[in-house]
Amino acid sequence: MEYEIFNLGDVTLQSGVTLPNAFLAYKTYGKLNEKKDNVIIYPTAFGDQHVQNEWLIGNGMALDPSKYFIIVPNLLGNGLSSSPSNTPAPFDNANFPQVSIYDNVNFQYRLVTEKFGIQKIALVVGWSMGAIQSFQWGASYPDIVERIAPFCGGAKTWPQTYVVLNGMKAALMAAVGFDSNKLNKLTSADMRAVGNVYAGWGVSQAFYREELYREMGYDSLEGFVAGVWEDSFMKMNPHNVLAMLWTGQNANISANPAYHGDFDAALKTIKAITCIMPGSTDLFCTVDDNKYEAKLIPNAVCHPIESIWGHFAGRGINIVDNKFIDENLKHLLALSGNG
């Protein structure tokens, strides 16, 4: 896997903890032009690494590397950027500090400004936890970001979404008898239960009823759950997952010194031209939540992805959904920026 490392040095997190020798893993696609204004930021989602974002990047697509300089920064906790699995003691494994979405975006800002000298971003786009990072970019740096396009994700973790993530966390905590002192005994095998919890939320009821998993090569429901949900989660480090779950559960674009928890004010501050694309059957990042957010962002539209793929309408698997997202991004990029 090819990617680059941006060394952040010793960073003080929003929690007040100083994480020594922190680093951001990232990959770039295309070339930065002389004006340094052809920049697209495309953060990764929970559990994903930059390669999982590549389905939306390609010649002739909205995210065209022959036109744009696309930077994909990896979320802290995902195993490539600073994470429980790659950080030495005393912050290894279960001892890794709490990292917020605000922290992640601040570090990404350092990457684009210090490493590349970029002062204008054409677009920030992202899926799921990548979506909330795009909202955070718009709220934290309104004069720099011209457009944002969050899909299948909100500007904060709404209460029901919090409960879904808590269910995933509980499946891991149960493996150690809910004893936080035993977290370092967790193994990847304990992730099987987490995969089963997520299986009920990742796609919609209609997806299962119509047996769309057969289009993915699975001839039974049990085979699909084991082959997709269990297998993908068992490949993840449990401590990385707990770190990312904390980031996700506490995600809120206003939970920082700039907005002091005033969510509506944070939304109203976003100057970027905004295209929000919820999945019409997403069970935990809902259309209603996104409609609330779109009403408060001055220049926003909400275009639901009409799909029975649920949250995974934004995962890059279904061709029809992929085309819808790409076409909306092309339209957004054709609009004049926010100045």
Exercise. Setting aside same-chain residues fewer than 8 positions from K271, which lysines have a Cα under 16 Å from its Cα?
Worked result: K120, K295
Seminar exercise, completed: Sequence order, region 17-30: Karplus ³J(HN,Hα) from phi using 6.51 cos²θ - 1.76 cosθ + 1.60, θ = phi - 60°, Hz rounded, Gly and Pro as x, gives 7, 9, 9, x, 6, 6, 8, 10, 8, 8, 9, 10, 9, x
For this session: Counting only DSSP beta bridges with both residues in the chain, tell me the antiparallel percent, nearest 5.
Result: 40
Problem set entry | Length-normalised contact order of region 143-259 in % [C-alpha pairs under 8 Å, at least 6 apart] | 37
Exercise. In the Gaussian network model of the chain, springs joining C-alpha atoms below 10 Å, which of E215, E114, E293 carries the largest mean-square fluctuation?
Worked result: E215
For this session: Using label points projected 7 Å from each Cα along Cα→Cβ, tell me how many nm separate A334 and K268, to one decimal.
Result: 3.3
Exercise. What's the Kirkwood radius of region 12-101 in Å, using all Cα pairs?
Worked result: 14.5
Problem set entry | Debye, to nearest 20: dipole size of region 144-277, +1 on Lys, Arg Cβ, -1 on Asp, Glu Cβ | 440
Exercise. Just the projected area, averaged over all directions, of the convex hull on the alpha carbon atoms of region 75-131: how many nm²?
Worked result: 4.7
Exercise. Can you list the aspartates and glutamates whose alpha carbon sits under 17 Å from that of K156, skipping same-chain ones fewer than 8 residues off?
Worked result: D103, D262, D264, D282, D288, D289, E293
Exercise. Can you give the extra length, in nm with one decimal, that the chain gains between K185 and V51 once fully stretched, where that is 0.36 nm per residue apart less the Cα-Cα distance?
Worked result: 45.3 nm
Problem set entry | Under-5 Å amide H pairs with L75, H placed in peptide plane, nonlocal only | T44
Exercise. Which lysines have a Cα lying under 18 Å from the Cα of K330, excluding residues fewer than 8 positions away in the same chain?
Worked result: K67
Problem set entry | Radius of gyration, Dmax [region 204-287; alpha carbons; angstrom] | 18.4, 51
Exercise. In debye to the nearest 20, how big a dipole does the chain give about its Cα centre with +1 on each Lys and Arg Cβ and -1 on each Asp and Glu Cβ?
Worked result: 580
Seminar exercise, completed: For the chain, the percent of accessible surface on carbon and sulfur atoms (probe 1.4 angstrom, ligands and nucleic acids excluded) is 50
Exercise. Hey, what's the Cα Rg ratio for the chain versus the globular rule of thumb, 2.2 N^0.38 Å?
Worked result: 0.94
Problem set entry | Computed over the chain: relative contact order in percent, which uses C-alpha pairs under 8 Å that are six or more apart | 18
Exercise. Relative contact order (percent) for region 66-137, with alpha-carbon contacts under 8 angstrom and 6 or more residues of separation?
Worked result: 19
Exercise. So, how do all the Cα-to-Cα distances of region 214-263 break down into 5 Å bins, in percent, from 0 on up?
Worked result: 5, 17, 14, 13, 11, 12, 11, 8, 6, 4, 0
Problem set entry | Å² of accessible area per residue within region 84-213, as computed with a 1.4 Å probe and no ligands counted | 37
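The values are calculated or read from the model by the stated rules, or taken from the named source; none is laboratory data. Please read these numbers as outputs of a predicted model, since none were measured by experiment. All Cβ positions, even for glycine, are placed from backbone atoms using ideal geometry, and neighbour counts span all protein chains on display. Please note that ligands, DNA and RNA were not included when accessible areas were found on the heavy atoms of the full protein model with its side chains. Shrake-Rupley method; radii C 1.70, N 1.55, O 1.52, S 1.80 Å.
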